[in-house]
Amino acid sequence: MLEVLNLSVKYGDLQVLFDINLSVRDGEIVSIIGANGAGKTTIIKTISGLVKSVSGEIRFLGKRLDKLPPHLVAEMGVMQVPEGRGIFPLLTVQENLEMGAYVPSARKQMRESMKKVFEMFPRLEERKSQLARTLSGGEQQMLAIGRALMGRPKLLLVDEPSLGLAPILAREVFQTIKSLNSQGTTILLVEQDVRQSLALCHRGYVLENGRIVLEGTGSALLGDERIKRAYLGL
Ligand code: ATP
């Protein structure tokens, strides 16, 4: 579904991604793990068109993405749940969700999408008339995911969904990602919670200083001595 080929990215003179190669197949959850500053968010932002690459290619369903502006990437079915959630605090929950259906094809199906999001997150329906800023952190994360779902994604890019959440809420978020995937959404996940994210994914990539240094199935990576030492404190 997604192919990233020899991707390099710079911010000004500072190169942060070096020859990244990764792929996501239809139906998978693929995780990218790595320390703070390794370049995980930059990969997500480059796929969604917010950051431009200096070389390499990104292909989605066989078509080049990397020359497109973000709204056309979204139009192709690639939606991002940004790090920090990026909700609109002074809009209601319902208005935030409506904002997610900005892509013309998604706008036509807004009512049906909203129904699905409320089935998945009943708490959002209970709170649909509240201002988004009054939601708890976990609910705001659900709202950010729900808003992306309103765009009818084929591929969902999820950046650090557990950040700032209590462990019990983080587990709920991971459960949500799992059930979204089992209902057919393909997911590329960036996470600092290495244990949970490797347990959840089909395949994973390890990013260090802008380079992919290891890849494998989630279970193989979880059992890898280097991962245990560097990321799991074992
Ligand atoms: P984190 O988990 O902290 O978000 P990350 O792995 O997602 O880390 P990135 O946010 O992609 O890492 O950042 C990679 C590198 O690029 C870091 O050194 C960061 O300081 C730098 N960087 C990120 N955004 C910019 C920017 N807009 N301008 C300049 N440098 C940036």
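Say we look at the stretch 35-57 and pick out the residues that are of a type outside the set (Ser, Thr, Tyr), surrounded by 16 or more Cβ atoms within 10 Å (Cβ to Cβ) and within 14 Å of the ligand (Cβ to nearest atom); which of these is farthest from Arg203 (Cα to Cα)?
From the stretch 35-57, those of a type outside the set (Ser, Thr, Tyr) are 35-40, 43-45, 47, 49-52, 54, 56-57; that's our starting set.
Now drop any that are not surrounded by 16 or more Cβ atoms within 10 Å (Cβ to Cβ), which leaves 38-40, 43-45, 47, 49, 51, 56.
Add one more test, that the residue is within 14 Å of the ligand (Cβ to nearest atom), and what stays is 38-40, 43-45, 47, 51.
Working: Ala38: 19, Gly39: 18, Lys40: 16, Ile43: 16, Ile44: 16, Lys45: 20, Ile47: 18, Val51: 25 Å.
Ranking the candidates gives Val51 first.
In the stretch 129-147, how many are in contact with a strand residue (DSSP E or B) (Cβ under 9 Å, 6 or more places away or on another chain), over 16 Å from Leu163 (Cβ atoms) and of a type outside the set (D, E, K, R)? Even if it seems obvious, please write down each step before you answer.
Just the residues of the stretch 129-147 that are in contact with a strand residue (DSSP E or B) (Cβ under 9 Å, 6 or more places away or on another chain), to begin with: 129-132, 141, 144-145, 147.
After this cut, where a residue has to be over 16 Å from Leu163 (Cβ atoms) as well, the list is 129-132, 147.
Checking the rest, the ones that are also of a type outside the set (D, E, K, R) come to 129-132.
Result for the stretch 129-147: 4.
Taking the options Ser23, Ser31, name whichever one is open to solvent by 10 Å² or more (accessible area, probe 1.4 Å) and assigned by TED's automatic domain parsing to the domain that holds Glu160.
Working: Ser31 fails: open to solvent by 10 Å² or more (accessible area, probe 1.4 Å).
Exactly one residue qualifies, and that residue is Ser23.
Quick check, is Ile177 among the β-branched types (Val, Ile, Thr), closer than 18 Å to Arg123 by Cβ and within 11 Å of the chain's Cα centre (by Cα)? So that I can check it myself, show each step before the final result.
Numbers: among the β-branched types (Val, Ile, Thr): yes; closer than 18 Å to Arg123 by Cβ: yes; within 11 Å of the chain's Cα centre (by Cα): yes.
Taking the combined requirement at face value, the residue satisfies it.
Would you mind stating whether Ile212 is at pLDDT 90 or above, in a helix (DSSP H, G or I), of a type in the set (Val, Ile, Thr) and farther than 20 Å from Leu156 by Cβ? So that I can check it myself, show each step before the final result.
On the way: at pLDDT 90 or above: yes; in a helix (DSSP H, G or I): no; of a type in the set (Val, Ile, Thr): yes; farther than 20 Å from Leu156 by Cβ: yes.
Taking the combined requirement at face value, the residue does not satisfy it.
In the stretch 174-209, which residues are of a type in the set (A, V, I, L, M, F, W, C), surrounded by 16 or more Cβ atoms within 10 Å (Cβ to Cβ) and either without any contact (Cβ under 8 Å) to a residue 40 or more places away in the chain or not in a loop (DSSP other than H, G, I, E, B) (or both)? Outline the logic, then answer.
Kept after step one, since they are of a type in the set (A, V, I, L, M, F, W, C), are these residues of the stretch 174-209: 174, 177, 180, 187-190, 194, 198-201, 206-207.
Filter once more, so that each one left must be surrounded by 16 or more Cβ atoms within 10 Å (Cβ to Cβ): 174, 177, 180, 187-190, 194, 198, 200-201, 206-207.
Hits for the stretch 174-209 are Phe174, Ile177, Leu180, Ile187, Leu188, Leu189, Val190, Val194, Leu198, Leu200, Val206, Leu207.
For residues that are in a helix (DSSP H, G or I) and open to solvent by less than 30 Å² (accessible area, probe 1.4 Å), scanning just the stretch 150-173, find the one that is nearest to Leu61 (Cα to Cα). Write out each step before concluding.
First, the residues of the stretch 150-173 that are in a helix (DSSP H, G or I): 167-173.
Those left that are additionally open to solvent by less than 30 Å² (accessible area, probe 1.4 Å): 170, 173.
Details: Ala170: 31, Val173: 27 Å.
Checked the stretch 150-173; the qualifying residue nearest to Leu61 (Cα to Cα) is Val173.
Out of the stretch 72-81, which residues are in contact (Cβ under 8 Å) with a residue 40 or more places away in the chain and open to solvent by less than 30 Å² (accessible area, probe 1.4 Å)?
Result: Ala74, Gly77, Val78, Met79, Val81.
Within 15 Å of the chain's Cα centre (by Cα), among the aliphatic types (A, V, I, L, M) and within 16 Å of the ligand (Cβ to nearest atom) - does that describe any residue in the stretch 225-234?
First, pick out the residues of the stretch 225-234 that are within 15 Å of the chain's Cα centre (by Cα): none.
Within the stretch 225-234 (the criterion being within 15 Å of the chain's Cα centre (by Cα), among the aliphatic types (A, V, I, L, M) and within 16 Å of the ligand (Cβ to nearest atom)), the answer is no, since none of the residues qualifies.
Can you work out which of the residues in the stretch 82-133 that are of a type in the set (A, V, I, L, M, F, W, C) and in a loop (DSSP other than H, G, I, E, B) is most open to solvent (accessible area, probe 1.4 Å)? Please lay out each step first, then the result.
The initial filter retains those residues of the stretch 82-133 that are of a type in the set (A, V, I, L, M, F, W, C), namely 87-88, 90-91, 93, 97, 99, 101, 103, 106, 110, 114, 117-118, 120-121, 124, 131-132.
With the extra rule that they be in a loop (DSSP other than H, G, I, E, B), the set shrinks to 87-88, 90-91, 101, 103, 121.
Numbers: Ile87: 26, Phe88: 82, Leu90: 118, Leu91: 55, Ala101: 1, Val103: 4, Phe121: 13 Å².
Here the answer is Leu90.
Just checking, how many residues over the stretch 16-34 are under 13 Å from Glu160 (Cβ atoms) and either assigned to a helix (DSSP H, G or I) or within 7 Å of the ligand (Cβ to nearest atom) (or both)?
Here is the first cut: in the stretch 16-34, the ones under 13 Å from Glu160 (Cβ atoms) are 31-34.
Next, from what is left, pick out any that are either assigned to a helix (DSSP H, G or I) or within 7 Å of the ligand (Cβ to nearest atom) (or both): 34.
The qualifying residues number 1.
Restricting the search to the stretch 149-163, which residues are more than 16 Å from the ligand (Cβ to nearest atom) and touching a helix residue (DSSP H, G or I) at 6+ places or on another chain (Cβ under 7 Å)?
If we filter the stretch 149-163 for residues that are more than 16 Å from the ligand (Cβ to nearest atom), which is where we start, we get 149-156.
Selection gives Leu149, Met150, Gly151, Arg152, Leu156.
The values are calculated or read from the model by the stated rules, or taken from the named source; none is laboratory data. Because the structure is a prediction, the values reported are computed rather than measured. Note that each Cβ is placed from the backbone with ideal geometry, even for glycine, and that neighbours are counted across all protein chains shown. Side chains included, ligands, DNA and RNA excluded: accessible areas come from the protein's heavy atoms. Shrake-Rupley method; radii C 1.70, N 1.55, O 1.52, S 1.80 Å.
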